[in-house]
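Structure record follows, encoded as structure tokens.
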Amino acid sequence: MVTFLRILGGLVILGVLALLAFLFVPVQRTAPTAQLPADWTPAPGQGEYVAIASDCVACHTAPDGQPFAGGRAIVSPMGTIWSTNITADKETGIGNWTLDDFRAAMVDGVTPDGTHLYPAMPYENYRLMTEEDIRALYDYLMHELPAVHAAAPKTELTFPFNLRFGIRAWNWLALSHGAGFKPEGRSELEDRGQYLVEGPAHCAACHSPRTRFMSQDGILATDRSFLTGGVIDGWNAPALRGPESAPQKWTLDELATYLATGRNAHSTANGEMGLVVEHSLQYLTDRDNLAIAAFLKGIDGAAVEVPETFAAITGAQPPAEADAAGAETERLLTEASPDMPLGARLYLDNCSACHFVTGKGAPGIFPELQANELVTGSETKPLISIILNGAEVQGTQKRPMNLVMQGYADRLTDGDVAELANFLRTAWGNDAAPVTSADVAKVRAEGVH
Amino acid sequence: MARQEAKKDVVIVGLGWTGSIMGIELAQEGLEIVALERGRDQHTVPEFKYPNQIDELKYGVRFKNMQHPAQQTVTVRRNLDETALPYRNMGSFLPANGVGGAGTHWNGHTWRPQEVEFHLRSYIRDRWGEQIIPEDMTIADYPVSYAELEPFFTQFDKVAGISGYAGNLNGQIREGGNPFEAPRSEDYPMPPHPATYDSAKFGEAARALGYHPFTMPAGIASTAYTNPYGMQMGPCNFCGFCERYGCYQYSKASPQTAILDALKRYPNFSYRTHAEVLRVEKSADGKTATGVTYFDEATQEEVFQPADIVIMSSYQLNNVHLMLVSGIGQPYDPATGEGVTGKNYAYQITGGTTLFFKDEIFNPFVGHGANATVIDDFGMNQNDFGALGFIGGSYLFSGTFNGQPIRSMPLPTGTAAWGAAWKEGIGEWYGHSMTIATHGSVMSYRTHSLDLDPTYTDRHGRPLMRMTYDWNDNELNMEAYLTGQIEKFVDFLKPDAVARGHKLPGAHYDVRPYQSTHNTGGHIMSETPDTGVVNKFSQVWGMHNVFACGAGNFVQNTQYNPTGLVGALAYHTAHAIRTQYLSNPRPLV
């Protein structure tokens, strides 16, 4: 008995010591992945380009706010996380940070005082960035970007998420991969694509699934689950690989066109992906968008043929005919029998003029509804919201038109929208679970945002 | 004291087709540009959204997309002896209001005039002698040839996104196209549309009668399309709501679908709506413009916008009015034939014969604005003016333009116009008819002109512009001849009933029924400063930093709808400014 109590006491002491160590022993910072000469300076524009490729604006610039001055609310299940000011302002920004401090935030997710960043900051991915890019980005933020004196609201999550030391344990799981980039060596262009996808563009943050601890399941190209699809803020981020992946069926040109313009012969970028195109991808060089597309097309081992250019002016592009899977729906809509289901009738009256009885839409302007994950996804809010409120694909340099689909909230009841959505989710070979009027009512009540 | 805005390199008056073209072409030069638009801003969504926009009563009948007479109108008289009265209810022609201008509510007919139309006076002189030209007919050669404009026609076709099939490709005549058209360097950017039943029936009859039918060139997309600016169109669904409406489907060629979003990306371009230009301001010596003064609707005050270059790109009538109130060019005096500004106002002559077939169903709700099979066998270059006794030409066409029920209820002659008998007639004939129509040239005449009205003023206190216009025997004789040609189709097709709606000999101009918004002339192009307002580059004679775009440049009207030529002239002007004027601002001729 005494022995047992001694052992127990010993364990308790050990546990307390471990906990104290966990709480108070500083986190070891990861060393730079390359030793650059002391006088190394980034090429002109390199840092700004890294900032764009890393889509820092997405979080660190508030709506109508000063660039990189933070203050954007990132809604999470744990509460609202406020993005921080990353301009060089010494009081409210990162003006006092050294390069090592900055690297630690990018690679280890810790601030100079040892505070753990919430992993809304994708340091799981940024830790793969090269030392050159990290330094170029630091240089840009410290020396090129105007410092803005603006204190972002303090993030105050509820218990237990306000105890940031918990993230240290989370990091043990999430950061099992080392820092720095390891190219697969397929080709120079595909390696560049791999780098952008894995590192700065942090595609896995949305397009990889999450573990049950909510860390990314699939961070490296070698991980089996990498880019096999995820869910972000109520949107399905489609699988970018595998036989079920719609984007894998696109040509390399179409894939690059989608990245650079938010639209291609099959689809449009809406929701979160629309923002990625708007803030980041449209500004990448053609070569980088080709590189991303080439890497993704070859990710499962296929040989890729890379075109010289993409999104070249193509003039007339006839709409596609219905395929075998869509033939029955096409017949139903073309016959337009008065006793056809309500959903099909609503489609004819409201949608078919643009998206056609084939469900194939029109290249570059009206997206396909057949096998479109936005239509058939597990997350139904985007589809319902677009029917109710419409959608806008922002113009880009190569495709300047703001493509706006109008909403039908003033024309269709909740029941109508549910019928229409369910028609879409089962037409042309689509096979997705039904939505209800209650689902529609909920989305309608949320309004446009 | 007017408010003054910061000086710009270029001020553009009116943001329709030509304002947008000039805007984007000059924005590419890096110039600081501001466009001033009298009306509201307009986009496909929300302004033109479905189904709100296809409200025939609101937009088709009550003209809510159009210029309201309280904003601006003209007074009209038919001859110098009448007292002109204000055009208080929109009827005969429909100028637009708002961003995109008439380019938002047109039908999409996109033509190039025939080669002979550019040198009409010499063509007549060489073939028949000038003695066949009536004494009061003031036609002249354009100072620019078809060959000079060809690259700019092609450029406009590509930007606007035109569907069609070339009949003359680099001199090679192609079956299925218009064999009488001027040679094109490239085919249309999109294939022609399929034909509706009426259009196909007309085409079959035309072939049987030995004519050369082809599909109307349409500023309506037949496929998805991306233009040279990267702007996009979606294929048309034949809803039949083009003319008088903005297109909800990105299918109709318009500044919105072809240019504006691309233009708005230029940081050196901006535009202000609800800004109505009141006058062009002249320098002390009168040899240049210093900018424009506009009325800011929001602040209810006059604003001076200084600029180095003034582009006048408002509607033809408004352009001429602005010149007259600004003292640009010597005002034309129809009594003496002296002066230039307001000279050679012309219009379009149109008519139609409706054929009724009891047992045939035409589905008149299916169509689009430029849906037609056309023959050009009675066009300008096919007519023997000496033998026929008129100067001019017309194309004949058939095809449902609109599926709009209020205004598309043709009935056989003799059917009651109201009441139970009318209802019975509609029940019997709705959907059982097709129309074969004419679309003919109108020459210029000494008295047909625009000047300032001595009596009536607009809401800003400026005199209204006065239009003097009537039909002449030359055009009425042509219409009679064409009506006779249509009778050959009537005989061939053997309808159960017919209704003829053509202007008869002796007819006078009536501003009430809609005819066409093809008002032309008034600031015509000319070889020399004493015969017109602008030179071949649309540059005002004597005021080298003012350029005037649009159908006001037409020396006389052509047999075709004007937009193709308007677009080509704008690109021609933009090219001249870019390549010749900017490096050394001066008169280019």
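The values are calculated or read from the model by the stated rules, or taken from the named source; none is laboratory data. Not measured: the values here are computed from a predicted model. Quick reminder, even Gly has a Cβ in these numbers, built from the backbone with ideal geometry, and neighbours come from all protein chains shown. What goes into the accessible areas is simple: the full protein's heavy atoms, side chains included, and nothing from ligands, DNA or RNA. Shrake-Rupley method; radii C 1.70, N 1.55, O 1.52, S 1.80 Å.
Data for the structure
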quantity	calculated
Inter-residue pairs, beta-carbon under 7 Å, first within 17 Å of A:VAL148 (Cα to Cα) and without any contact (Cβ under 8 Å) to a residue 24 or more places away in the chain and in the stretch A:66-87, second open to solvent by less than 30 Å² (accessible area, probe 1.4 Å) and assigned to a strand (DSSP E or B), 6+ apart	A:ARG72/A:THR61
Test: residue in the stretch B:471-490 that is open to solvent by 10 Å² or more (accessible area, probe 1.4 Å), assigned to a loop (DSSP other than H, G, I, E, B) and of a type in the set (D, E, K, R)	no
Leading residue by the ranking (farthest from B:ASN318 (Cα to Cα)) among those in the stretch B:470-515 that are touching a strand residue (DSSP E or B) at 6+ places or on another chain (Cβ under 6 Å) and of a type in the set (Gly, Ala, Ser)	B:ALA497
Number of the exception - B:GLY461 against (1) touching a residue at least 24 places away in the same chain (Cβ under 8 Å); (2) assigned to a loop (DSSP other than H, G, I, E, B)	(1)
Any hit, the stretch B:506-521, residues being in a helix (DSSP H, G or I) and open to solvent by 40 Å² or more (accessible area, probe 1.4 Å)	no
Enumeration of residues in the stretch B:157-204 that are open to solvent by 40 Å² or more (accessible area, probe 1.4 Å), assigned to a loop (DSSP other than H, G, I, E, B) and within 14 Å of chain A (Cβ to nearest Cβ)	B:TYR165, B:GLU186, B:ASP187, B:PRO191, B:PRO192, B:PRO194
Qualifying residue in the stretch A:279-298 (condition: within 14 Å of chain B (Cβ to nearest Cβ) and buried (at least 22 other Cβ atoms within 10 Å of the Cβ))	no
Hits in the stretch A:39-80 (condition: among the aromatic types (Phe, Trp, Tyr) and not in a helix (DSSP H, G or I))	A:TRP40, A:PHE68
Identity of the residue in the stretch A:328-351, part of a helix (DSSP H, G or I) and surrounded by fewer than 18 Cβ atoms within 10 Å (Cβ to Cβ), that ends up nearest to the other protein chains (Cβ to nearest Cβ)	A:ASP349
Residue among A:PRO434, A:PRO400, A:PRO382 that alone is in contact with a helix residue (DSSP H, G or I) (Cβ under 6 Å, 6 or more places away or on another chain), within 14 Å of chain B (Cβ to nearest Cβ) and either farther than 21 Å from B:GLN249 by Cβ or not charged (D, E, K, R) (or both)	A:PRO400
Residue check, A:ALA311 within 10 Å of another protein chain (Cβ to nearest Cβ) and either assigned to a loop (DSSP other than H, G, I, E, B) or more than 19 Å from the chain's Cα centre (by Cα) (or both)	yes
Qualifying positions in the stretch B:211-224 - more than 9 Å from chain A (Cβ to nearest Cβ) and either part of a loop (DSSP other than H, G, I, E, B) or closer than 25 Å to B:GLY23 by Cα (or both)	B:TYR211, B:HIS212, B:PRO213, B:MET216, B:PRO217, B:ALA218, B:GLY219, B:ILE220
Boolean, B:PRO529 is part of a loop (DSSP other than H, G, I, E, B), open to solvent by 10 Å² or more (accessible area, probe 1.4 Å), touching a strand residue (DSSP E or B) at 6+ places or on another chain (Cβ under 9 Å) and closer than 21 Å to B:LYS287 by Cβ	no
Subset of the stretch B:225-242 (residues that are within 7 Å of another protein chain (Cβ to nearest Cβ), crowded, with 24+ Cβ neighbours inside 10 Å and assigned to a loop (DSSP other than H, G, I, E, B))	B:MET231, B:GLY234, B:PRO235
Number of the exception - B:GLY246 against (1) within 11 Å of another protein chain (Cβ to nearest Cβ); (2) in contact (Cβ under 8 Å) with a residue 40 or more places away in the chain; (3) at negative phi	(1)
Count of residues meeting criterion [within 25 Å of the chain's Cα centre (by Cα) and within 14 Å of chain B (Cβ to nearest Cβ)] in the stretch A:362-378	6
Those residues of the stretch B:179-225 which are under 19 Å from B:HIS109 (Cβ atoms) and of a type in the set (A, V, I, L, M), in sequence order	B:ALA182, B:MET190, B:ALA195, B:ALA200, B:ALA206, B:MET216, B:ALA218, B:ILE220, B:ALA221
Test: residue in the stretch A:87-106 that is part of a helix (DSSP H, G or I) and under 22 Å from the mean Cα position of the chain (by Cα)	yes
Selection status of B:THR154, within 14 Å of chain A (Cβ to nearest Cβ), open to solvent by less than 50 Å² (accessible area, probe 1.4 Å), without any contact (Cβ under 8 Å) to a residue 40 or more places away in the chain and more than 21 Å from the chain's Cα centre (by Cα)	no
Any pair with Cβ under 8 angstrom, 6 or more apart, that starts in the stretch B:274-294 at a residue that is closer than 11 Å to B:VAL546 by Cβ and ends at one that is open to solvent by 20 Å² or more (accessible area, probe 1.4 Å) and assigned to a loop (DSSP other than H, G, I, E, B)	B:LYS282/B:THR288; B:LYS282/B:GLY327; B:LYS287/B:GLY542; B:LYS287/B:HIS544; B:THR288/B:HIS544; B:ALA289/B:SER283; B:THR290/B:SER283; B:GLY291/B:LYS7
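Residue-wise test of (1) within 22 Å of the chain's Cα centre (by Cα); (2) at pLDDT below 95; (3) open to solvent by less than 10 Å² (accessible area, probe 1.4 Å).
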| position | (1), (2), (3) |
| --- | --- |
| B:GLY419 | no, no, no |
| B:MET434 | no, no, yes |
| B:THR438 | yes, no, yes |
| B:SER441 | yes, no, yes |
| B:LEU450 | yes, no, yes |
| B:PRO454 | no, no, no |
| B:HIS460 | no, no, no |
| B:PRO463 | no, no, no |
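The rows are residues; the columns are (1) open to solvent by 30 Å² or more (accessible area, probe 1.4 Å); (2) modelled with pLDDT of 95 or more; (3) part of a strand (DSSP E or B).
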site: B:THR257; (1), (2), (3): no, yes, no
site: B:TYR271; (1), (2), (3): yes, yes, yes
site: B:ASP285; (1), (2), (3): yes, yes, no
site: B:TYR294; (1), (2), (3): no, yes, yes
site: B:THR299; (1), (2), (3): yes, yes, no
site: B:PHE304; (1), (2), (3): yes, yes, yes
site: B:LEU317; (1), (2), (3): no, yes, no
site: B:LEU322; (1), (2), (3): no, yes, no
site: B:ALA335; (1), (2), (3): yes, no, no
